[in-house]
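Just below is one structure, and these are the notes that go with it.
The values are calculated or read from the model by the stated rules, or taken from the named source; none is laboratory data. From a predicted model like this one, the values you see are computed outputs, not experimental measurements. Using ideal geometry, Cβ is built from the backbone for each residue, glycine included, and neighbour counts are taken over all protein chains shown.
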Amino acid sequence: MKYALVTGNVAWSQGTTQLHRGKSADDDHPLVLERPDLFSDAEPDAELSAAPTIERATAAPGEKRATRRKPTADKGDAGAKGGSSE
């Protein structure tokens with residue numbers, strides 16, 4: 001078993017293949033045979049990474065969102081802005 005050393009698109013005689021660092025391939029795979037410089041026998045170390053937190057834009061069915069309403073002008077003030085015609 002061989003493991004990719006790079007991440008990216010690799011051009012070779014059969015076209016272009018996307019590799020991801022650490023991805024495994026059989027020893028007799030045509031890409032491994034043609035481009036041995038891209039692979040290693042050493043198994044990659046396991047990498048632990050926290051998944052990024054992605055905020056959902058909408059609430060799930062039945063979910064209540066904690067939101068605050070923007071302050072609005074009192075209804076009694078609305079007439080004062082228009083002025084009176086006395």
Item to check | Residue selected from region 26-47 under the condition within 18 Å of GLY8 (Cα to Cα) and of a type in the set (D, E, K, R), by the criterion surrounded by the most Cβ atoms within 10 Å (Cβ to Cβ) | outcome: ARG35
Next on the checklist: Against the conditions (1) surrounded by 10 or more Cβ atoms within 10 Å (Cβ to Cβ); (2) assigned to a loop (DSSP other than H, G, I, E, B), where does ALA50 fall short? Just the number, please.
Outcome noted: (1)
Checklist entry - Within the group ASP45, ASP37, ASP27, which residue is under 20 Å from VAL6 (Cβ atoms), assigned to a loop (DSSP other than H, G, I, E, B) and modelled with pLDDT of 85 or more? => result ASP27
Next on the checklist: Suppose we filter region 9-24 for residues that are free of Cβ contacts under 8 Å to residues at least 24 places away in the same chain, surrounded by 11 or more Cβ atoms within 10 Å (Cβ to Cβ) and not in a loop (DSSP other than H, G, I, E, B); how many remain?
Outcome noted: 4
